[in-house]
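This report refers to the structure that appears directly beneath it.
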Amino acid sequence: MTRLALIRHGHTAWNRAGRIQGRTDIPLDEDARNQLAALKLPAPWDTAALVSSPLSRAVETAELVSGKTPVTHPELIEMDWGKWEGCKGIELLADPSSGYRHIEDWGWDYRPPGGESPAELRHRLHGWATGLVTDTVAVCHIGIMRVLLAQASGWNFSGPAPFQIKRNRLYILTIASDGWQMDPTPVRLVERST
């Protein structure tokens, strides 16, 4: 049995503009850097193994909240959003010809044009997650978190998710050979002493 704590990277200019980032390597914005520099991982997660997506927004978030350089894993890179990367979701929704729809209406096999489906992402992540041998903090992306939390909660990308992903919180999964479980309450990052 291994525990995996997931944390979403801090805000970027594209997040604030409502743009789909996907694998585009957009850095943290200055407000996010300042906010994250005032926070740290709570015990016992401050001594767990630290990994991240290779994208700079995840690496820098990991460094800011831990004071350490994470080991990057290509499996943790954000979902490939294909032609929709850089677009605004609200504009895609307004255009019926785009094929874009809310995540609650996807199912596992829905795929952005030229992109990756949640099922493909789950396949990419499953071997990585089940291969963990120690408690681990992973700084990653909302798409990665949705798939791992869906796996642990039984959500199938149909209807409202049984979780809400917020920043500056750890979402903790227990990964065991007989199944995955999700802790119901996320753990907040803590403020650094001044």
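The values are calculated or read from the model by the stated rules, or taken from the named source; none is laboratory data. Source: prediction; values computed, not measured. Cβ: placed from backbone, ideal geometry, glycine included. Neighbour counts: every protein chain shown. All accessible areas refer to the heavy atoms of the entire protein, side chains included, with ligands and DNA or RNA removed. Shrake-Rupley method; radii C 1.70, N 1.55, O 1.52, S 1.80 Å.
Listed by chain and number, the lysines whose alpha-carbon sits under 18 Å from that of Lys68, ignoring those within fewer than 8 places in the same chain, are Lys40.
Check cross-link reach from Lys88 to the lysines: straight Cα distance under 26 Å, and skip same-chain residues fewer than eight apart. Cross-link targets: Lys166. Summing +1 for each Lys or Arg and -1 for each Asp or Glu among the other residues whose beta-carbon sits under 10 angstrom from that of Pro44 gives -1. Only Lys, Arg, Asp and Glu carry charge here, each on its Cβ (+1 for the first two, -1 for the last two); on that basis segment 155-194 has a dipole of about 300 debye about its Cα centre.
Net charge in the neighbourhood of Asp29 (other residues with Cβ under 13 Å of its Cβ; Lys, Arg +1, Asp, Glu -1) is +2. Could you tell me how far the Cα centroid of segment 66-91 sits from the Cα centroid of segment 20-43, in Å? Here the answer is 12 Å between Cα centres. Positive contributions from Lys and Arg (+1) and negative ones from Asp and Glu (-1), summed over other residues with Cβ under 9 Å from the Cβ of Ala13, come out at +1. If only the Cβ of Lys and Arg carry +1 and only the Cβ of Asp and Glu carry -1, the dipole of segment 35-190 around its Cα centre is close to 360 debye. Heavy atoms of the protein chains alone define the surface here; on that basis segment 33-161 has 44 Å² accessible area per residue at 1.4 Å probe size. The alpha-carbon of Lys83 sits under 14 angstrom from the alpha-carbons of these aspartates and glutamates, leaving out residues fewer than 8 places away in its chain: Glu91, Glu116. Heavy-atom surface analysis with a 1.4 Å probe gives the chain a carbon and sulfur content of 49 percent of its accessible area.
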